[in-house]
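**Q** The structure that follows is given in the form of structure tokens.
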Amino acid sequence: MRKKAVVALGGNALIKKGQDGTIYEQFANTREIMKHIVRIIQEGWDVVITHGNGPQVGAILLQNELARDITPPMPLGICVAESEGLIGYMLQQCLSNALKKADIDKCVVTLVTQVLVDENDPSFENPTKPIGPYYPDEEVEELKKEGYKVRKQPDGWRIVVPSPDPKSIVEGKIIKRMLDEGVIVIASGGGGMPVIEKEGWGLDGLEAVIDKDLASERVAEAINADLLLILTNVENVYLNYGKPTQKSLKNVTLNEIKEYYDQGHFPEGSMGPKILAAERFLNFGGRKVIISHVDKGWEAFKEKTGTIITK
């Protein structure tokens, strides 16, 4: 039996700090990331790649806003689908090219992914997920008139939307089938498109976004993965992050990380969902979770760096 891994790329993985985020920069960064993925595949692993979409969907929303008097703006769910397509295209092309250079005969496919959520999820009453650009104080009232909910951030105001908890991956069986046939799958981009099951109708999309790490864990469940590799913008998980008493975690057990989580070490908007995803995956039956920096993907996979969480 071949081993299976979900590799979750953070939302800022394709745009490095200080870059403008041009498509050329994003392609260059993607090519570097795919070198790590190829080495993991060479080790005999079947891989599903998931990814965030923060900068890209933010740009799409901004383009929507600026062009709303010229062409009808698209709702949030459609914007997420757009970002999944454009990022998937970059990952798919760069990985296919890297596999060819390594003389590996494998197909790569991007799957637009729907994620089932509960229509009564509390986040619909209390949206907290910031999206899109920052707005100055003088534009806040206009945003409210247009029906948006906004929240003050350190750098200005941002629109906030619901972020419901993912329950299952609609295309989970398809992903597993393709993986079993040797296809490398890129799925659940930006957390996937949140949908509910409506009686007499079927699936219906919602104006919300799903946390990428929590959705990646559901993908890992769907394929019975052995490993969940979360690549983000820090090399380790830390206690007291950003404080003089900051301490990096290397090898930790599920019980230890749960205790730290309950103590409030991992904020909701950053490391929290990653730790919750790790807990869920290990409780489901996964073997290992590794969290590290996107530039250290191979080293983390080989357990030479990063935070390694086991049951």
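The values are calculated or read from the model by the stated rules, or taken from the named source; none is laboratory data. Quick caveat: nothing in here was measured; it's all calculated off a predicted structure. We place every Cβ from the backbone using ideal geometry, glycine too, and count neighbours over all the protein chains shown.
**Q** Does any residue in segment 5-22 that is at pLDDT below 85 come within less than 6 Å, Cβ to Cβ, of a residue that is of a type outside the set (Gly, Ala, Ser) and not in a loop (DSSP other than H, G, I, E, B) six or more places away or on a different chain, and which pairs are these?
**A** Correct list of pairs: 13/294.
**Q** Out of (1) farther than 20 Å from residue 174 by Cα; (2) buried (at least 18 other Cβ atoms within 10 Å of the Cβ); (3) of a type outside the set (S, T, N, Q), the odd one out for residue 119 is which?
**A** The failed condition is (2).
**Q** Would you confirm whether or not segment 78-97 contains a residue that is in contact (Cβ under 8 Å) with a residue 24 or more places away in the chain and not in a helix (DSSP H, G or I)?
**A** No, that holds for no residue.
**Q** Considering only segment 105-189, give the strands (runs of 3 or more DSSP E) lying wholly within it that have at least 3 residues that are under 21 Å from residue 93 (Cα atoms).
**A** Answer list for segment 105-189: 108-111, 184-187.
**Q** Scan segment 82-109 residue by residue and report those that are among the aliphatic types (A, V, I, L, M) and within 20 Å of residue 12 (Cβ to Cβ).
**A** Selection gives 86, 87, 90, 91, 95.
**Q** Considering every residue within segment 46-54, establish whether at least one is among the acidic types (Asp, Glu), over 15 Å from the mean Cα position of the chain (by Cα) and part of a helix (DSSP H, G or I).
**A** No.
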